[in-house]
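Dropping the structure in here first, questions after.
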Amino acid sequence: MALTFEIKQKDPQTKARAGKITTAHGEILTPIFMPVGTAGTVKAVHQRELKEDINAEIILGNTYHLYLRPGTEILEKAGGLHKFNGWDRPILTDSGGYQVFSLANNRKIKEEGVTFRSHIDGSKHLFTPEKVMDIERSIGADIIMAFDECPPYPSDYSYAKNSMHMTHRWLQRCVDRLAETEPLYGYHQSLFPIVQGSTYKDLRTQSAETIASFEREGNAIGGLSVGEPAEMMYEFTELCCDILPEDKPRYLMGVGTPANILENIALGVDMFDCVMPTRQARHGHVFTTQGIMNLKNKKWEDDFTPLDAELGGYVSTFYSKGYLRHMFKANEALAGMVASVHNLTFYLWLVREARQHILDGDFREWKNSITPKLMQRL
């Protein structure tokens, strides 16, 4: 079954849309936030909690990390990542393109592909577009990303241009490789190309037009949220969304804060992922419906009220701020687990609230009123 996307409602005052993506492993109501499970696991969160407490509709895996550990042989023996980690809802895999960016000291980029040294043991590996497609076949995600190069910010024009053209050539090789191979586990895998072009309008325009011309089942916007100012991210997201086809889901990669997510929904983005909720959770930063708390601060020491009574859900109503602060100060492993479940619950609440306000036709007013509250430091 091929991926399908249906727009249920458009917001009358912004470019926001409420939609539904259907995959072989179930439906995804958009806009959606996708918890990041880099190595096949969302850090410090049980699958049961992901499903029942957080109600994640789709999670991410990472091609680079899963290729290194546990390796494609183990994944294939297990019957793919769904069987390996016990997750029966949709999965999306990043192509490793972001690691090409983030592991800049350990890699060399050529037309053929990227040679890198493993961050685990220093061993040398070559990722070509063809090899990445083969790895993503082995992982078995419902949505797989094309292999791209994500240029750093800032990039000079000539580097960004050359990088973008190579990303487009690599995309063609990804498409060709997929056409030559079959899914390994009996269901369809959807390839999303990635728009690049750094922060240059003509390059972004050209890349979005090129990506759209491939007519894949969805499209992604990459290379933003890599250090550029938020206003610049919004400008280029809007430019890309205005070019990418309206009847396909749009995925903005690696974004971001609650404010970033709401602003980009207003520009026409449907899908988001970011390590922020779980990474911040492990450092004691908690997102709530009232604002952002640093639970390591002394002010929470004798606050015995729930983490977020308004949010609902088990951990957010059972654990108090004072108790969670105590666990952080005592370096208890449970602290990061509770905070991670809470933050992901908050992020999924946020996109579901956004969806409901799109359906109700008052998304803009709600977004403008709630954003300052959500971003205030408590």
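Just checking, which of Tyr157, Tyr251 is over 30 Å from Thr278 (Cα atoms) and touching a Phe, Trp or Tyr at 6+ places or on another chain (Cβ under 9 Å)?
None of the other options fit; the residue is Tyr157.
Please determine, by comparing only the residues of the range 84-100 that are open to solvent by 40 Å² or more (accessible area, probe 1.4 Å) and touching a residue at least 60 places away in the same chain (Cβ under 8 Å), which one is nearest to Ile21 (Cα to Cα).
Going residue by residue through the range 84-100, those that are open to solvent by 40 Å² or more (accessible area, probe 1.4 Å) are 84, 86, 88-89, 98.
Imposing the further condition that a residue be touching a residue at least 60 places away in the same chain (Cβ under 8 Å) reduces the set to 88-89, 98.
On the way: Asp88: 16, Arg89: 12, Tyr98: 24 Å.
Ranking the candidates gives Arg89 first.
Moving to a separate point now. Looking at (1) in contact with a Pro (Cβ under 9 Å, 6 or more places away or on another chain); (2) buried (at least 21 other Cβ atoms within 10 Å of the Cβ), find the lone condition where Gly222 falls short.
All conditions pass for Gly222, except number (1).
Listed here are the residues, each with its yes/no results for (1) at pLDDT 95 or above; (2) assigned to a helix (DSSP H, G or I).
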residue	(1), (2)
Glu209	yes, yes
Glu215	yes, no
Ser225	no, no
Thr237	yes, yes
Cys241	yes, yes
Glu246	yes, no
Tyr251	yes, no
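Ok, one more. Within the range 293-324, restricting attention to residues that are among the charged types (D, E, K, R) and within 14 Å of Asn343 (Cα to Cα), which residue is farthest from the chain's Cα centre (by Cα)?
Top of the filtered list is Lys321.
Output the residues belonging to the range 186-207 that are buried (at least 17 other Cβ atoms within 10 Å of the Cβ) and in a loop (DSSP other than H, G, I, E, B).
Listed by number, the residues that qualify are Gln189, Pro193, Gln196, Gly197, Ser198, Thr199, Tyr200.
Now for a separate question. Can you find a residue in the range 129-145 that is touching a residue at least 24 places away in the same chain (Cβ under 8 Å), of a type outside the set (A, V, I, L, M) and outside any helix (DSSP H, G or I)?
Yes: the range 129-145 contains one or more residues that are touching a residue at least 24 places away in the same chain (Cβ under 8 Å), of a type outside the set (A, V, I, L, M) and outside any helix (DSSP H, G or I).
Quick one: Ala330 ticks every box in (1) under 23 Å from Val36 (Cβ atoms); (2) open to solvent by 10 Å² or more (accessible area, probe 1.4 Å) except a single one, so which number is it?
(1)
Taking into account only those residues within the range 244-286 that are within 23 Å of Gly97 (Cα to Cα) and of a type in the set (Gly, Ala, Ser), which is least open to solvent (accessible area, probe 1.4 Å)?
Out of the qualifying residues, it is Gly256.
Can I ask one more? Which ones in the range 60-83 are exposed (fewer than 14 other Cβ atoms within 10 Å of the Cβ) and of a type in the set (Lys, Arg)? Outline the logic, then answer.
Pass one, the range 60-83, residues exposed (fewer than 14 other Cβ atoms within 10 Å of the Cβ): 69, 71, 73-74, 77, 79.
Result: Arg69, Lys77.
Considering only residues that are free of Cβ contacts under 8 Å to residues at least 60 places away in the same chain and among the polar types (S, T, N, Q), look in the range 5-59 and name the one that is surrounded by the most Cβ atoms within 10 Å (Cβ to Cβ).
Among residues in the range 5-59 that are free of Cβ contacts under 8 Å to residues at least 60 places away in the same chain and among the polar types (S, T, N, Q), the one surrounded by the most Cβ atoms within 10 Å (Cβ to Cβ) is Gln47.
Criterion first (touching a residue at least 60 places away in the same chain (Cβ under 8 Å), in a loop (DSSP other than H, G, I, E, B) and surrounded by fewer than 18 Cβ atoms within 10 Å (Cβ to Cβ)) does Pro183 satisfy it? Quick ask: steps written out before the conclusion?
Details: touching a residue at least 60 places away in the same chain (Cβ under 8 Å): no; in a loop (DSSP other than H, G, I, E, B): yes; surrounded by fewer than 18 Cβ atoms within 10 Å (Cβ to Cβ): yes.
Criteria not met by Pro183.
While we're on this one: Kindly indicate whether any position in the range 165-174 is open to solvent by 10 Å² or more (accessible area, probe 1.4 Å) and within 22 Å of the chain's Cα centre (by Cα).
Yes; the residues of the range 165-174 include at least one that is open to solvent by 10 Å² or more (accessible area, probe 1.4 Å) and within 22 Å of the chain's Cα centre (by Cα).
The values are calculated or read from the model by the stated rules, or taken from the named source; none is laboratory data. All values reported here derive from a predicted model rather than from experimental measurement. Methodologically, a virtual Cβ is constructed for each residue, glycine included, from the backbone with ideal geometry; neighbour enumeration extends over all protein chains shown. Just so you know, the surface numbers come from the protein's heavy atoms only, side chains and all, with ligands and any DNA or RNA stripped out. Shrake-Rupley method; radii C 1.70, N 1.55, O 1.52, S 1.80 Å.
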